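These notes concern the structure reproduced below.
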Amino acid sequence: MHGLKVEYCPQEIDTEFQPDPECIKEKMEKAKAVLFESPGNPTSRVIREDIAKLIVDIAYEKKKWVFYDQAYRHIYYEGEHLWIQKYTGADEVVVTIESFSKDLAIPGFRLGYMWGPEEFIKHAAKLKGYLTISASNIAQKLAIIYLEKELKEKYLLKVIPEYRRRRDAAYNALTKYLPEARVVKPRAGMYLFPDVSAYIEKMKVTDVEFAKRIAESKHVVMLPGSAFHPNSNRYLRITFVTEPPERIEEGIKRIREYLEENHVI
């Protein structure tokens, strides 16, 4: 709407998808705002505290906006969520974006909210009214029940151990059946984002074609990395929270079968 140009700081598997602090300093010289998330999608990366603090410090000094997307803030298997709102000046420059899609597991309802400096939220509410009016009543009533009856804590106590079990199954199957893939075991989030360039290059196909062929021949569906950014065309996004461990392992085993049938392994 405002003709802004998006600038990126690369996030690669070699640094466990952490953005380069020097790149952040350079880009923020001219930037109007910074958008980042933790835990991430598709990488499940948890932002390093020194990097997050750097972003807030520069934003506060130079009066830039920081949009912090923390939709996966409760989906942790090791460690704790980083609340950047604690840093000096954050109350003046940080706008926090939240969602019920992950901890309540209602992604289809698209129910979320934001909080931050009063003046910003006042204008954001105006814009929201022009764009989509409001979230559905059913979704809002569901969220009220969820919060008032303290169901969030009960739900998370039940699902986090299961998500962890499924994460471990996915990671172990990947390292077992696809040894040339490079993968980071996430501390949070819902996804593995393996670098499968070793196999893609041998087949001489794009990541999109690679994912398409496996979906068609083995009925295993993954998102190609380039769906998120053109420079991520070496990766695949694998969601591990929606299937039990045995089906996760079976899916990754089928990927190996496809590679063997095509003489890649």
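Each reported figure results from applying straightforward, stated rules to the coordinates on display, with no laboratory input. Remember, it's a predicted structure, so these values are computed and weren't measured experimentally. Please note: Cβ atoms are built from the backbone with ideal geometry, for glycine as well, and neighbour counts cover all protein chains shown.
Odds and ends about this structure:
- Taking every DSSP helix (H) stretch of at least 4 residues in the chain, weighting each as -39,500 (n - 2.57) and dividing the sum by the residue count yields a mean residue ellipticity at 222 nm of -13500 deg cm²/dmol.
- Calculated FRET efficiency for the pair ASP91/GLU153, C-beta based, R₀ 35 Å, to 0.05: 0.85
- When each of the peptides 123-130, 225-232 is scored by how many other beta carbons lie within 10 Å of its residues on average, the order from highest to lowest is 225-232, 123-130.
- A straight line joining the Cα centroids of the range 1-67 and the range 201-239 runs 26 Å.
- Each peptide in 32-41, 142-151 gets a packing score, the mean of other Cβ atoms within 10 Å over its residues, and the list from highest to lowest is 32-41, 142-151.
- Considering all different alpha carbon pairs of the range 13-148, the Kirkwood hydrodynamic radius works out to 16.3 Å.
- Once the Cβ-Cβ distance of LYS62 and LEU127 is raised to the sixth power relative to R0 = 30 Å, the FRET efficiency obtained is 0.80.
- Three-way shape call for the range 152-261 based on the alpha-carbon gyration tensor, with the a/c threshold at 1.5: prolate
- The lysine pair count for the range 152-261, using Cα distances under 24 Å and pairs eight or more places apart or on different chains, is 16.
- The angle separating the long axis of helix 49-62 from the principal Cα axis of greatest extent in the chain is about 40 degrees.
- Charged-residue dipole, Cβ positions (Lys, Arg, Asp, Glu), the chain about Cα centre, Debye nearest 20: 600 debye
- In terms of its C-alpha gyration tensor, the range 118-211 has an oblate overall shape, because the principal axis ratio a/c (a ≥ b ≥ c, square roots of the eigenvalues) is not below 1.5 and a/b does not outweigh b/c.
- Theoretical gain in end-to-end length, ASP14 to ARG213 [0.36 nm per residue, Cα-Cα removed]: 68.9 nm
- The angle between the Cα long axis of helix 207-218 and the main principal axis of the chain comes to about 60°, on a 0 to 90 degree scale.
- For the chain, share of DSSP beta bridges that run antiparallel, in % to the nearest 5: 55 percent
- If the chain linking ALA198 and TRP83 were pulled fully straight, counting 0.36 nm for each residue of separation and taking away their Cα-Cα distance, it would gain 37.7 nm.
- Segment PHE120-HIS263, length gained on full extension (0.36 nm per residue, minus Cα span): 45.8 nm
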